[in-house]
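One structure below.
The values are calculated or read from the model by the stated rules, or taken from the named source; none is laboratory data. Quantities reported herein were computed from a predicted structural model and do not represent experimental measurements. Neighbour counts are summed over all protein chains in view; Cβ atoms, including those assigned to glycine, are modelled from backbone coordinates with ideal geometry.
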Amino acid sequence: MAETIRWNNEVPVVRQTDVLVVGGGMAGIGAAVAAARNGANTTLIEQYGALGGTGSTGLVGPFMTSFDEKGTVQIVRGVFDELVRRMAKTGGAVHPSQVPPGTPYSSFTVYAHGNVTPYDPEALKLVADEMIEEAGIHLMYHTFMADVLKEGDGVRGVIVVNKSGMQAIRAKVVVDCTGDGDVAYLAGVPMAKGRPSDGKMQPMSMFFRVGGIDDAALVEYRRQHPTERNLFATPIAEAKAKGDPLNVPRDNLGLYQTMRPGEYRANASRLLGYDSTDVDSLTQAEIEGRKQVQELMRFFHKYCPGMQNAYLVDTGAHVGVRESRRIVGEYVLRVEDVVEATEFPDVIAMNGFFIDIHNPEGVGKAEPPGVRAANAYEIPYRSLVPLKVDQLLAAGRCLSADHVAFGAVRVMPPACATGEAAGTAAALAVKHGVTPRRVPVDELQQTLLAQGAYLGARFATPQAPEPPVPGR
Ligand SMILES: Cc1cc2nc3c(=O)[nH]c(=O)nc-3n(C[C@H](O)[C@H](O)[C@H](O)COP(=O)(O)OP(=O)(O)OC[C@H]3O[C@@H](n4cnc5c(N)ncnc54)[C@H](O)[C@@H]3O)c2cc1C
């Protein structure tokens, strides 16, 4: 057993807040904005110096569909749609209603790749900062949540570390938006990880941007290879046959056009067997990720039409983590719910993305054969409420779902929508002096609808207000 030491220190309590949101990715943005707009004194802490998480500092994008799979109804609205519209107004995004399937914005993919939102990560950072400021949220950047304060079964705050030292923040309700479920894990919530058979998780990828691409040549390549499910499967197979294989475990590449001509974000590396909740493993993933990017650039130059003069713009500030810990909540969203579109009395968000499981062990995908998500399906509030621990909610990548259902709900639009639901519920819990477990679901749903969320056709959806855009 590793040596341990006991260590005592006095830590200043720097804040008392109603709602503390830990993690400023898409879930954290949704949670903090919703909590503050519903009257809660709200604090948001984030370990990096910008909001957006995987979608900004991780360079991942576009936002996958916020519509139903058929592309007829926008089913993720609320804070997510406000964010997108504000980004679009400044030229930093294209609204998903304008994006058909099969375009360079969705890596020429047709199946389940309509109505994506191309955006500039800088626009996301900027608009998120503005929305947080306008809502009067106390934002603490460069602040890492290191431990949890608990009284009985309830979370009462956290210990953070930052350049000012170690600090305590007291909170009435904490919303865990860390992706990895750090707060829930430290608070003793039962957690799930990976697939049930062996715990293996979807691989990580180091996202990167590539410039200097001949857009027309890429479009022409695609026209000539209409049966390729994903881009560049043919050159990958041909190079392998020649004895010069791509030394990255991929049999196709994702290249998503950005807002700039000739520039694409690459979803092309594959980091197998790493665990983002183990610092040594995470460190090795970052290092291997950057090595894979170099190998991919070699391959692009040599084998990919239109990419002979491509250059590396940048890699993510951190590797992209598809899957790690999830809370075990009052309800574990099941693959059957995603396939059969189960109607939940406590629906708080909807999604229309397909079941997308990158193979944890090699190339290709690992969805169970024949299993297909419904056109649109619901996410219940109970999937945000952890078992055993009170005064805590979880949203985004760490919500409660089985491994296969998680493959569908893990993308950014539902991350923001579940964050918005969790933040709204946290504010209602504070207002009524109850635990999040006891929040009146009717009131939560009516509040979400009034602020522009969509909960399905059986709820009357008021016209979402046109979001305010400050003059800039
Ligand atoms: C390689 C890859 C490709 C993907 N492709 C797409 C795509 O094209 N489109 C799409 O919509 N989705 C995609 N996804 C999924 C999607 O990006 C994520 O699941 C989603 O962004 C998760 O949002 P989140 O807010 O839950 O978590 P995150 O984005 O991970 O945000 C968590 C935030 O919490 C912070 N944090 C974590 N721990 C702490 C701590 N202890 N203290 C303080 N701060 C902390 C982090 O810095 C981060 O900002 C992809 C994911 C990956 C990894």
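Which of (1) assigned by TED's automatic domain parsing to the domain that holds ALA27; (2) touching a Gly at 6+ places or on another chain (Cβ under 7 Å); (3) at pLDDT below 95 does ASP68 not meet, given it meets every other one?
Tallying (1) assigned by TED's automatic domain parsing to the domain that holds ALA27; (2) touching a Gly at 6+ places or on another chain (Cβ under 7 Å); (3) at pLDDT below 95, ASP68 fails exactly one: (3).
Within the stretch 241-259, can one find any residue that is within 16 Å of the ligand (Cβ to nearest atom), without any contact (Cβ under 8 Å) to a residue 40 or more places away in the chain and of a type in the set (S, T, N, Q)?
yes
Any idea which of VAL319, VAL248 is under 30 Å from ALA184 (Cβ atoms), of a type outside the set (Gly, Ala, Ser) and in contact with an Asp or Glu (Cβ under 6 Å, 6 or more places away or on another chain)?
The match here is VAL319.
Taking the stretch 68-122 as the region of interest, how many residues are farther than 30 Å from ASP214 by Cβ and part of a helix (DSSP H, G or I)?
The number of residues fulfilling the criteria is 9.
Would a scan of the stretch 95-113 turn up a residue that is at positive phi and over 20 Å from the mean Cα position of the chain (by Cα)? Quick ask: steps written out before the conclusion?
Initially, the stretch 95-113 is screened for residues at positive phi, giving 102, 107-108, 112.
Keeping just the survivors that are over 20 Å from the mean Cα position of the chain (by Cα) gives 102, 108.
For the stretch 95-113, residues at positive phi and over 20 Å from the mean Cα position of the chain (by Cα): present.
Which of the following residues is farther than 11 Å from PRO380 by Cα and modelled with pLDDT of 95 or more: GLU343, GLU330, GLU323? Before you say what the answer is, go through the steps one by one.
On the way: GLU343 fails: farther than 11 Å from PRO380 by Cα; GLU330 fails: farther than 11 Å from PRO380 by Cα.
Of GLU343, GLU330, GLU323, the one residue that is farther than 11 Å from PRO380 by Cα and modelled with pLDDT of 95 or more is GLU323.
Is it the case, given these coordinates, that GLY30 is more than 30 Å from PRO226 (Cβ to Cβ) and part of a loop (DSSP other than H, G, I, E, B)? Write out each step before concluding.
Numbers: more than 30 Å from PRO226 (Cβ to Cβ): yes; part of a loop (DSSP other than H, G, I, E, B): no.
The answer is no for GLY30.
Taking the stated definitions as given, is GLY370 outside the structural domain of LEU253 (by TED's automatic domain parsing) and free of Cβ contacts under 8 Å to residues at least 24 places away in the same chain?
Yes; evaluated as a whole, the condition is true for this residue.
Which one is nearest to the ligand (Cβ to nearest atom), of the residues in the stretch 78-90 that are closer than 19 Å to GLY25 by Cβ and out of contact with any strand residue (DSSP E or B) (no Cβ under 6 Å at 6 or more places or on another chain)?
Ranking the qualifying residues of the stretch 78-90, first place goes to PHE80.
Name every residue in the stretch 189-211 that is surrounded by 16 or more Cβ atoms within 10 Å (Cβ to Cβ) and in a loop (DSSP other than H, G, I, E, B), in order of residue number.
Listed by number, the residues that qualify are VAL189, GLY194, ARG195, LYS200, MET201, GLN202, PRO203, MET206, PHE207.
Conditions tested, residue by residue: (1) crowded, with 19+ Cβ neighbours inside 10 Å; (2) within 14 Å of the ligand (Cβ to nearest atom); (3) under 26 Å from GLY407 (Cβ atoms); (4) free of Cβ contacts under 8 Å to residues at least 12 places away in the same chain.
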{"site": "GLU3", "(1), (2), (3), (4)": "no, no, no, yes"}
{"site": "ASN8", "(1), (2), (3), (4)": "no, no, no, yes"}
{"site": "LEU20", "(1), (2), (3), (4)": "yes, yes, no, no"}
{"site": "ALA27", "(1), (2), (3), (4)": "yes, yes, yes, no"}
{"site": "PHE63", "(1), (2), (3), (4)": "yes, yes, yes, no"}
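Determine, yes or no, whether GLU69 is farther than 20 Å from GLU420 by Cα, more than 15 Å from the ligand (Cβ to nearest atom) and either charged (D, E, K, R) or touching a Leu at 6+ places or on another chain (Cβ under 8 Å) (or both). It would help to see each step written out before you state the result.
Numbers: farther than 20 Å from GLU420 by Cα: yes; more than 15 Å from the ligand (Cβ to nearest atom): no; either charged (D, E, K, R) or touching a Leu at 6+ places or on another chain (Cβ under 8 Å) (or both): yes.
Taking the combined requirement at face value, the residue does not satisfy it.
When you go through (1) assigned by TED's automatic domain parsing to the domain that holds ILE137; (2) assigned to a loop (DSSP other than H, G, I, E, B) one by one for GLU3, which number turns out not to apply?
(1)
Wholly within the stretch 317-430, which strands (runs of 3 or more DSSP E) include no fewer than the required count, namely at least 1 residues that are among the charged types (D, E, K, R)?
Details: elements: 325-327, 347-351, 377-380, 392-394.
Strands (runs of 3 or more DSSP E) meeting the threshold: 325-327, 377-380.
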